[in-house]
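Visitor: Sharing a structure with you now.
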Amino acid sequence: MNYLRSLNKHIYKYRFRLIMGILFIACSNLFGVYAPQVVRHAVDLISGQIAYHQLYSGTGLFDVFMKQFGTAILFFGLLVVMLAILRGVFLFFMRQTIIVMSRLIEYDQKNEIFEHYQRLHLDFYKRNNTGDLMSRITEDVSRVRMYTGPAIMYSINLLVLFFMVIYTMVRVNFELTLYTVAPLPVLGYLIYYVNGIIQRKSEAIQQQLSFLTTISQESFSGIRVVKSYVQEKFMHQYFQKECEHYKTNNLALAKVEAVYFPVIFLLVGFSTILTIFIGGAQVIQGKISAGNIAEFVIYINMLTWPIASVGWVMALVQRAAASQKRIDEFLNVKPDITSASSASIVVAGEIEFKKVSFTYPSTGIKALKQISFIVKKGHRMAVIGRTGSGKSTLGQLLVRMYDPDEGEILIDGVNIKSLNLPALRRQVGYVSQDVFLFSDTVFNNIGFGMNASEMDAESVKTAATYAVVHQDVLQLPEQYETVVGERGITLSGGQKQRISIARALIKEPQILVFDDCLSAVDAQTEKNILGYLNDFLQNRTTIIITHRIFSLFNFDQIIVIDDGQIIEQGNHQSLMKRRGAYFDLFEKQQSEERKATAPVE
């Protein structure tokens, strides 16, 4: 229950809707409480007029008596109908205020969670799977909405109605009221006992649902792999097995609720029996009238659904508490990377790494060790190394996906930690080796890094031309308006890489970082891309991270990284003269290219 306190800020935001909802609840119940009193008067009138009916029977006054009696009954009937209509009107307004409030809170909460997800560091996403993230922002938020809407509404309705009814009953007959409410303490203990069971089972259900979402998401995203290895049957059996666990947990909760609700109705029915039995004895003794018994029975029936709904409401509350606990687990995660300044910046392009070391927090792998280098404004640097040497980490540190454990990174002589983070990232074009395209049009994927007001067809086509993907796009069914599917599934690997390059180029950043982004293109396309990039990269600071050597690029500086350390540094000529790791890599690459182009005998 303590976890629901974090919702107070949302409820406070819409406090006026809640206050109005409470007023509408009070008004609706007020008219509801009046109706049994009208019935009491009607029953007393009927029972009191029986003697007069026998007295006037067979006389000339009988017709007059029956007309007056009928008029009185009609009046009471119309009064009950009018009270019911008024109650219905206020019930409508009650739902329009409180249920709408819950929808607004749901909207705010989903936006809050999504915005928080966006601020969290990459390591968070490595520790948590996508299915779990999706489950918390959808299923868990929906369960919380059932608390901020129906649970709050029915709880307040029960409290208001209960006190109104009990107050009215006490005014009529205190002793009979005590007998009527006698089963309620038993009901209270039952609710308290069962709530703990419901909460534990609800948490297990939510965790299993999150796991099912993860399995589904991974299976659909990796459908090519699943089909290639003919694992459809295995994945179905795996999913079916986990569905069985989910079904078992749900059935266990359903069994608890199946016993819970009938017992509640049984206790309420027992109150009705006590009312009729004790009330009947008091009518015989002349303490109350027959109309009072009818009034009490109606009051008990009025309380039947609200009291019976206590179990359902408490189940909603417990489920919401379990879901809010899961939501808060992520909302309480503080982003490691924050923007130290709100001031806009203009990057000139000089980059300096000063004794930078970094260890990935999720794995404990030390990726970089005392890395130092300077890239002057407008210069080009290649970072070469084998897979796993730590070279890709340089690019991620430069755009502050992570912060170094030791040392500092400077741009134009200023530590990047003191720069405005969004402004920094807007002025650095970063092309990751892990290509990701959204399920959107080619046009929107290329223009993703731009504001909608700044993006136009000409700039998109220009960026695509530099990335040598323009002609490929023209061959697509809808050209630039073609939807590429989830993660760009309708495109080849090379096309996806070139679109991601175009996405970085369209920003026209002063600093560009290419992280092994040409691995999926053929040799001729690679030469074309490098040729176009040579023109685009004039006077722009460029870092190309690769495991290959691009001889077409005239790099001002080359560093070779192995095991997180710089083992060689210089330009192409000096490194070739050294005949070290760079020389060996170059010779190996040249040999492979000669074999690839040699004629087949």
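The values are calculated or read from the model by the stated rules, or taken from the named source; none is laboratory data. Small disclaimer: the values here were computed from a predicted structure and weren't measured. Backbone-built Cβ (ideal geometry, glycine too); neighbour counts: all protein chains shown.
Visitor: Taking residue 284 as the residue in question, decide whether it is assigned by TED's automatic domain parsing to the domain that holds residue 40, crowded, with 21+ Cβ neighbours inside 10 Å and at pLDDT below 80. Explain how you work it out, then say what you get.
Guide: On the way: assigned by TED's automatic domain parsing to the domain that holds residue 40: yes; crowded, with 21+ Cβ neighbours inside 10 Å: no; at pLDDT below 80: yes.
The answer is no for residue 284.
Visitor: Kindly list, by first and then second residue, each pair from a residue in the range 204-228 that is free of Cβ contacts under 8 Å to residues at least 12 places away in the same chain to a residue that is of a type in the set (A, V, I, L, M), limited to pairs with Cβ atoms under 7 Å and residues at least 6 apart or on different chains.
Guide: Final answer for the pair search is 226/235.
Visitor: Could you grab me the full set of residues in the range 347-358 that are surrounded by fewer than 17 Cβ atoms within 10 Å (Cβ to Cβ) and at pLDDT 85 or above?
Guide: Applying the first criterion (surrounded by fewer than 17 Cβ atoms within 10 Å (Cβ to Cβ)) to the range 347-358 yields 348, 354-355, 357.
Matches in the range 347-358: 354, 355, 357.
Visitor: Which of the residues that make up the range 215-254 are under 30 Å from residue 484 (Cα atoms), within 27 Å of the chain's Cα centre (by Cα) and not charged (D, E, K, R)?
Guide: Listed by number, the residues that qualify are 215, 216, 217, 219, 220, 221, 222, 223, 235, 236, 238, 239.
Visitor: As an exercise: evaluate residue 430 against (1) touching a residue at least 60 places away in the same chain (Cβ under 8 Å); (2) over 24 Å from residue 558 (Cβ atoms); (3) surrounded by 16 or more Cβ atoms within 10 Å (Cβ to Cβ) and give the number of the one condition it does not meet.
Guide: Of everything listed in (1) touching a residue at least 60 places away in the same chain (Cβ under 8 Å); (2) over 24 Å from residue 558 (Cβ atoms); (3) surrounded by 16 or more Cβ atoms within 10 Å (Cβ to Cβ), residue 430 misses just condition (2).
Visitor: If I go through the range 123-170 residue by residue, how many of them are free of Cβ contacts under 8 Å to residues at least 12 places away in the same chain and of a type in the set (A, V, I, L, M, F, W, C)?
Guide: 3
Every residue, every condition in (1) surrounded by 20 or more Cβ atoms within 10 Å (Cβ to Cβ); (2) at pLDDT 80 or above, yes or no:
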| site | (1), (2) |
| --- | --- |
| 492 | no, no |
| 497 | yes, yes |
| 502 | yes, yes |
| 507 | yes, yes |
| 517 | yes, no |
| 530 | no, no |
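Visitor: Also, I was wondering about something else. Could you tell me whether residue 410 is touching a Phe, Trp or Tyr at 6+ places or on another chain (Cβ under 9 Å), closer than 12 Å to residue 545 by Cβ and of a type outside the set (Ser, Thr, Tyr)?
Guide: On the way: touching a Phe, Trp or Tyr at 6+ places or on another chain (Cβ under 9 Å): yes; closer than 12 Å to residue 545 by Cβ: no; of a type outside the set (Ser, Thr, Tyr): yes.
Spelling it out, it is not the case that residue 410 is touching a Phe, Trp or Tyr at 6+ places or on another chain (Cβ under 9 Å), closer than 12 Å to residue 545 by Cβ and of a type outside the set (Ser, Thr, Tyr).
Visitor: Among the numbered criteria (1) under 34 Å from the mean Cα position of the chain (by Cα); (2) surrounded by fewer than 16 Cβ atoms within 10 Å (Cβ to Cβ); (3) modelled with pLDDT under 75, which single criterion is violated by residue 524?
Guide: Tallying (1) under 34 Å from the mean Cα position of the chain (by Cα); (2) surrounded by fewer than 16 Cβ atoms within 10 Å (Cβ to Cβ); (3) modelled with pLDDT under 75, residue 524 fails exactly one: (1).
Visitor: Could you list, ordered by first residue, the pairs with Cβ atoms under 6 Å in which the first is in the range 573-601 and closer than 21 Å to residue 382 by Cα and the second is of a type in the set (Asp, Glu) and at pLDDT 65 or above, at least 6 apart or interchain?
Guide: Within 6 Å, the pairs are 575/568; 580/568; 581/568; 582/568.
Visitor: Output the number of residues of the range 444-493 satisfying the condition of being touching a strand residue (DSSP E or B) at 6+ places or on another chain (Cβ under 7 Å) and assigned to a helix (DSSP H, G or I).
Guide: Result for the range 444-493: 2.
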